[in-house]
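The values are calculated or read from the model by the stated rules, or taken from the named source; none is laboratory data. Only a predicted model underlies this, so the values are computations on that prediction, with no experimental measurement involved. So basically every Cβ, Gly included, is an ideal-geometry build from the backbone, and we count neighbours across all protein chains shown. Just the protein is used for accessible areas: all its heavy atoms, side chains included, with ligands, DNA and RNA removed. Shrake-Rupley method; radii C 1.70, N 1.55, O 1.52, S 1.80 Å.
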Amino acid sequence: MLQGEISPMRSVPDQIAKPSYALTGIVERWVEPRVKTPEIIERMRHAGVVASEILTLAGEMVRPGITTDDIDVFVHEATIARGAYPSPLNYHGYPKSVCTSVNEVICHGIPDSRVLQDGDIVNLDVTAYIGGVHGDTNATFFVGDVDPVSRNLVKVTEECTWYGIEAVQPGRPISDIGKAIEQHAKKHKMGVVRAFIGHGLGEQFHTDIQVLHYYDESASMIMRPGMTFTIEPMITLGGWQHRMVFDDDWTAVTADGKRTAQFEHTVLVTDDGVEVLTAPGSVTPCAPWRR
Ligand code: MF3
Ligand code: CO
Ligand code: CO
């Protein structure tokens, strides 16, 4: 695969509140309660709405002929226009405001001069920091006319994400999520990436809650009302193994070069199920095609 040119880092106006790593590239970590206060949850609802709006608009611009850098410019400006900081920017030194992962790129693709081609699939991962909290969501989009096998990969991946979301129940172990996702992927003979997982989030982009997208009984943390985390399965047309490419320490691809897709939502565990903070208005059953 080809690596394009990465344009210089973009700036964010002074009046926009920034996480501390924005200036340094160094991510401080502190102990953050897993169960959020009602006040933090309210702010996270807003961050979730902002992130999902930006993702929807960015997805609408996907077409053959644009570069992934064009998408970055759009996401950067749209985020700032909403008074938010684009969380990826300078996170552990990440140079851009969105992740753009094409075809066999599993995640964390860096926007560059690469031109999207008819038949590509591209995941856009948008995270917005506003009101002191992060909202994190992603989706995979078609570039022009996409072959049926890839279309099915994207469909099954979105289904996996929503089966994972529907498995969120207070009092249940978090391993229920990976169990539901893996079961659906297996049924379609697809692979579940193991190296990248969902995560707790709130005032920090990534906190200690780990959300495996495959079944592992040792993921025994019990879900409690007020917990917030992401569910973001990466599903492949081949195996689960990944490798890192380039020297950027970011871009992860499938080891076998097969295509991969991803969807992500930020969720809140409620007293009786789940609220999807990045899909406002969603109800149970969550999956849009089952309503
Ligand atoms: N949004 C990604 C996630 O879902 C994280 C991107 S980290 C970055 O966890 F630095 F690459 F932006
Ligand atoms: Co995430
Ligand atoms: Co994300």
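The listed residues are Gly164, Gly200, and the only one of them that is at pLDDT 95 or above, under 25 Å from Val31 (Cβ atoms) and open to solvent by less than 10 Å² (accessible area, probe 1.4 Å) turns out to be Gly200.
Inside region 115-139, residues that are surrounded by fewer than 21 Cβ atoms within 10 Å (Cβ to Cβ) and closer than 24 Å to Leu237 by Cβ make up a count of 5.
What number of residues within region 102-122 satisfy the criterion of being within 10 Å of ligand 1 (Cβ to nearest atom) and either outside any loop (DSSP other than H, G, I, E, B) or on the phi < 0 side of the Ramachandran plot (or both)?
Filtering region 102-122 for residues within 10 Å of ligand 1 (Cβ to nearest atom) gives 107-110.
Those still in the list that are either outside any loop (DSSP other than H, G, I, E, B) or on the phi < 0 side of the Ramachandran plot (or both) too: 107, 109-110.
Summing the residues that are within 10 Å of ligand 1 (Cβ to nearest atom) and either outside any loop (DSSP other than H, G, I, E, B) or on the phi < 0 side of the Ramachandran plot (or both) in region 102-122 gives 3.
With respect to Gly131, determine if the residue is in contact with a strand residue (DSSP E or B) (Cβ under 8 Å, 6 or more places away or on another chain) and either among the small types (Gly, Ala, Ser) or at negative phi (or both).
Values: in contact with a strand residue (DSSP E or B) (Cβ under 8 Å, 6 or more places away or on another chain): no; either among the small types (Gly, Ala, Ser) or at negative phi (or both): yes.
Criteria not met by Gly131.
Residues that are within 17 Å of Thr161 (Cβ to Cβ), within 15 Å of ligand 2 (Cβ to nearest atom) and either of a type in the set (D, E, K, R) or part of a loop (DSSP other than H, G, I, E, B) (or both) within region 189-246 comprise Val193, Phe196, Ile197, Leu201, Leu212, His213, Glu232, Pro233, listed in sequence order.
Only residues that are open to solvent by 20 Å² or more (accessible area, probe 1.4 Å) and outside any strand (DSSP E or B) were counted across region 168-188, and they come to 12.
Being under 29 Å from Leu116 (Cβ atoms) and in contact with a Gly (Cβ under 7 Å, 6 or more places away or on another chain) narrows it down to one of Gly164, Gly191, so name that one. Before you say what the answer is, go through the steps one by one.
Numbers: Gly164 fails: in contact with a Gly (Cβ under 7 Å, 6 or more places away or on another chain).
Exactly one residue qualifies, and that residue is Gly191.
Can you tell me which residue is farthest from Tyr21 (Cα to Cα) among those in region 79-93 that are over 15 Å from the mean Cα position of the chain (by Cα), of a type outside the set (S, T, N, Q) and open to solvent by less than 10 Å² (accessible area, probe 1.4 Å)?
Kept after step one, since they are over 15 Å from the mean Cα position of the chain (by Cα), are these residues of region 79-93: 79-85, 90, 92-93.
Next cut, of a type outside the set (S, T, N, Q) only: 80-85, 92-93.
Now drop any that are not open to solvent by less than 10 Å² (accessible area, probe 1.4 Å), which leaves 84-85.
Numbers: Ala84: 15, Tyr85: 11 Å.
Of everything passing the filter in region 79-93, Ala84 is farthest from Tyr21 (Cα to Cα).
Taking region 1-37 as the range and being open to solvent by 80 Å² or more (accessible area, probe 1.4 Å), part of a loop (DSSP other than H, G, I, E, B) and of a type outside the set (D, E, K, R) as the test, the residues that pass are Met1, Leu2, Gln3, Pro8, Met9, Ser11, Gln15, Ile26, Trp30, Val31, Pro33.
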